[in-house]
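Every read-out reported here was derived from the displayed coordinates using simple, explicitly stated rules and does not represent laboratory data. Just so we're clear, the structure is a prediction, and the values are computed from it rather than from any experiment. Because the Cβ atoms are built from the backbone with ideal geometry, glycine has one as well, and the counts that use them run over all protein chains shown.
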Amino acid sequence: MKHLLSTEDLDRAAATSILDTADNLKRALLGREVRKLPTLRGRTVITLFYENSTRTRVSFEIAGKWMSADVINVSAGGSSVSKGESLRDTALTLAAAGADCVIVRHPASGAAHRLAGWLSAAGTSVVNAGDGMHEHPTQALLDAATLRERLGSIEGRRIAIVGDVLHSRVVRSNVHLLAALGADVVLVAPPTLLPVGVQNWPVTVSHELDAELPSLDAVMLLRVQAERMHGGFFPSAREYSIAYGLNENRLGLMPEHAVVLHPGPMLRGMEIASAVADSPRAAITDQVRNGVHLRMAVLYHLLAHEEENS
Amino acid sequence: MGIPSRGAPLARRLAVKIAEFSGVEVPTGTLDVTLYRDDLRRGPTRPLETTSLPEGGIDDRLVVLVDDVLFSGRTIRAALDALRDHGRPRAVQLAVLVDRGHRELPIRADYVGKNVPTSRTEDVAVLLDEFDGRDGVVLK
Amino acid sequence: MRPLLLKGVRPYGEGDPVDVLIRDGVIAEIGSVTADDVEVVEGSGAVLLPGFVDLHTHLREPGREDTETIETGSKAAALGGYTAVFAMANTDPIADNAVIVEHVRRRGVEVGLVDVHPVGAVTVGLKGEKLAELGTMAKSAANVRVFSDDGHCVHDPLIMRRALEYSKALDVVIAQHAEEPRLTVGAQAHEGEQAARLGLQGWPAAAEESIVARDCLLALHAEAKLHICHVSTTGTADVLKWAKARGTNVSAEVTPHHLLLTDDRLSTYDPVNKVNPPLRTGTDVQALRQALADGVIDCVATDHAPHAVQDKDCEWAAARPGMLGLQTALSVVVETMVKTGLLDWRGVARVMSERPAEIAGLPDHGRPIEVGEPANLVLVDPDATWTVRGAELASVAGNTPFEGMELPGVVTATLLRGRVTAGRIPA
């Protein structure tokens, strides 16, 4: 694997292999005082973030550091990026400076694909840490790792993803990955927050959360962004919360074993009630914890080996 | 502590034998050294194996590393590094089923099943019932 | 200038090869011609058509001479078989006044490879708020015949109504870039399966169709002449058919890229495929071809849009929309319309030359190939193929989506009033 741009590129074997590595890394580090592995010593990893994201950037940074890579953070605010340098020039500069891997977050869909194209000659790996409304593959992988941990397996499990499907890169990554892993995915959202063309995705679509809850093994809630609330996608935050928010009553409609996931940051009281977020059924902090191991696994698969075609 | 993959069942078998001969129950574990190897970048992606410390950990204890074949010594170097991250044993020893020579590091085994002189181009494969359906050592 | 004798050419690709003698810029004789002291061009059975007319091109001068100039654009046009092109108003400064349109017209004449007709803006600054001085531009030396805010939709229905009404007194045509802006805020790609998969904000077909329907109703009401730019959807073709059946004076163009390419190409996120309106689905492509064959869509126009490397070799959302088209238009039409049996060469003459000349009211272009007619002609080798290389095209920019494609139909010569403006023939 040279780049991780999209979960659409991962078949079941490739995805499972990354999840297994993450599992093993988690166990390898369990209870250790020194949480540092020498595996990526001398490798330089750059996080290039054009959008704010403490959560994802820190997770990648810790992952890289625990693998002994040199991790350098570049954010759009504090570099030549803010002076109008093109993405291409920035990427080529980082590669020329010796980056082995660029982890990129960008508001434009496809930015990571473009970056991978520009950097192919330099041999630099690219990890997509979220590109516009397209994909966020490590988020989906850590979600899958968390589901596997909580449910034992993903094959045949029924998983609902609830909320702003239209604008969500997390959804696109999860739909591909969960389909590859054999899950039965149902997207629950008002029609205004579903993309035209969703009928061709390997999912079922529903507008009624309550009807889906009793058959679910897991529910994944998406953040409702402030600009959507004012964008006329639904009448009001209150109405959205009434129809699609996960409150305690709804939690009660789900089977005992069913898990609640949220990629964060959460809007408590909107898409998720506080009591649900803090309940033992919620795996939200597990997701964050697994995120580090998962991203270590991704770096391991990208950087610890020679390219398979060389 | 067996080094996966084939060192792990060998370690368990040794523990059983020690119990039979001496009545002493020796705790076992496995130690995956993949993340500590210095030759990772020379091959395709290696899947990680399991590390499980023996009950009670390894601090201040005598740890015997067990592997199937001792060759360049690089796996054992990686194992010593890995071990250091898990604790501080009183002493570390090495047991191997086959020592085929051609060391590249100043490492030697404390216990050797059999010394088998080989050429560099030959391949020594240890077969174990747990993996291969039969026990044996094949020289190719 | 010595007379020119085209030997062994087939007008409209029909019948046995004939000779065509051109003297003083006019077709002087057709048949078996023997003449002395003439420049002889061996036609070798090539197809002779009236010179092409492009109602929709961006020559970028003034303002973006780093991507195209009237000179390089004219060369590209001549090489593509064009004898007249209409240069859109979205230059910098914008062609919303007589000074700019006269400048463009004059530069076109100076270059002299193709008749460059400036398109005037419908509204001041293309802002859609206030009518530009259409009358002054129409009556200027540039003699503007077509007005368009292309790149922007004249979205305010009242402004559009006034523009249509006002245009009647000038006998000019309003060409609409049909895109309801409220439905395409941030739009990046055809709203459908591909955009959903790639996470690109959708450009719904209805945003085009609703404006076309509205403007057809307004044009009928105002009894004015309306032209629809770059039709891209099945629904628009349906609306046009309905509107024409009701007697609306509406014409429409389709671009070569919408006849050949689909949004399947977007998977790479290479912005060379970014264009406005966006590449649509295979179903739309088929419907557009059929509509062009049936005359529901009147003509082919290139929407030739050169862009600098830095405006294309970037992330998708940051890239400028548009594609080169002048030198590839004929070949794409041959590939999509002639090879498929939808059009014969007379049909090609209709959609590439006669109808666009008629829509814009050009008296000297798109004329029959007959004695006494102006020698605005193009000679096409129908059997030859060529491979498109952006770097080898005459435009300054190289943003062709057809890069590396082998396409049929090669322009061997273009004649503007009897003078060879492109081709292997000595001028």
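Here is how the numbers come out for the structure above:
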item	result
Cα→Cβ-extended label distance, 7 Å offset, between residue B:123 and residue C:406, nm	4.4
Dipole of the protein assembly as shown [Lys/Arg +1, Asp/Glu -1 at C-beta], most positive-end residue of C:382, C:221, A:297	A:297
Computed FRET value (nearest 0.05) for residue A:27 with residue C:241, which takes r as the C-beta separation and R₀ as 60 Å	0.35
Partner chain coverage, peptide A:21-33 - average Cβ within 10 angstrom	4
Calculated SAXS-style log₁₀ I(q)/I(0) at q = 0.15 Å⁻¹ - the range A:137-287, Debye, Cα scatterers	-0.69
Whole-number D in µm² s⁻¹ for the range A:22-175, Kirkwood Cα-pair radius fed into Stokes-Einstein, 37 °C, 0.692 mPa s	195
Inter-centroid distance (Cα atoms) of the range C:247-265 relative to the range A:160-206, Å	32
Highest-fluctuation residue, B:43, B:73, B:29 considered, GNM on chain B with Cα pairs under 10 Å	B:43
Cα principal axis extents for chain A, largest first, Å	54, 44, 35
Ellipsoid semi-axes in whole angstrom, largest first, where each is sqrt(5λ) of the Cα gyration tensor of chain B	23, 19, 15
Cβ-defined net charge surrounding residue C:140, 14 Å radius [Lys, Arg +1; Asp, Glu -1]	+1
Signed unit charges on C-beta, dipole axis of chain C, positive-most listed residue C:299, C:81, C:257	C:299
Convex hull volume of chain C per residue (C-alpha atoms, cubic angstrom)	123
Least to most buried among B:17, C:75 (fewest other Cβ within 10 Å first)	B:17, C:75
Cα centroid separation, the range B:27-75 to the range C:366-400 (Å)	71
Whole-Å distance, taken between Cα centres, linking the range A:256-304 and the range A:89-124	28
Sum of -39500 (n - 2.57) over DSSP H runs of 4+, divided by residues of chain C (222 nm, nearest 500)	-7500 deg cm²/dmol
Contact order normalised by residue count of the range C:275-353, Cα under 8 Å, 6+ apart, percent	35
Of all DSSP beta bridges in chain B, antiparallel share, percent nearest 5	25
Electrostatic dipole magnitude of chain A [Cβ: Lys, Arg +1; Asp, Glu -1; Cα centre; debye, to 20]	760
Backbone N under 16 Å from the residue B:52 label point (7 Å along Cα→Cβ), restricted to the range B:2-22	B:2-16
Straight-distance crosslink candidates among aspartates and glutamates, where the alpha carbon sits under 12 Å from residue C:168 and sequence neighbours closer than 8 are dropped	C:223
Sequence-separation-based contact order of chain C, relative, with Cα cut under 8 Å and 6+ spacing, percent	19
Directionally averaged shadow of the protein assembly as shown, computed from the convex hull of its alpha-carbon atoms, nm²	46.3
The range C:207-256 - charge dipole about Cα centre, Lys and Arg +1 at Cβ, Asp and Glu -1, debye rounded to 20	160
Global geometry of the range C:212-335, whether rounded, prolate or oblate, following the gyration tensor of its Cα atoms and the 1.5 cut on a/c	prolate
Efficiency of FRET between residue A:72 and residue A:121 - r from beta-carbon atoms, R0 22 angstrom, step 0.05	0.55
Efficiency of FRET between residue B:42 and residue A:206 - r from beta-carbon atoms, R0 56 angstrom, step 0.05	0.65
Difference of contour (0.36 nm per residue) and Cα-Cα distance, residue C:385 to residue C:26	126.2 nm
Gaussian network model of chain B, Cα within-10 Å springs - most flexible of B:75, B:28, B:50	B:50
Relative contact order of the range A:137-287, pairs being alpha-carbon contacts under 8 Å that are 6 or more residues apart, as %	24
Helical contribution to [θ] at 222 nm, DSSP H n ≥ 4, -39,500 (n - 2.57), averaged over chain A, rounded to 500	-11500 deg cm²/dmol
Top of C:249, C:143, C:90 by mean-square fluctuation, Gaussian network on chain C, Cα under 10 Å	C:249
Cα→Cβ-extended label distance, 7 Å offset, between residue A:239 and residue A:12, nm	4.2
Dipole-positive endmost among A:1, C:138, C:337 within the protein assembly as shown (Cβ charges, Cα centre)	A:1
Bridge type composition, the protein assembly as shown - antiparallel percent by DSSP, nearest 5	30
Separation in nanometres of the label points that stand 7 Å from Cα toward Cβ, at residue A:256 and residue A:268	2.8
Average beta carbon contacts from partner chains per residue of C:194-206, 10 Å cutoff	6
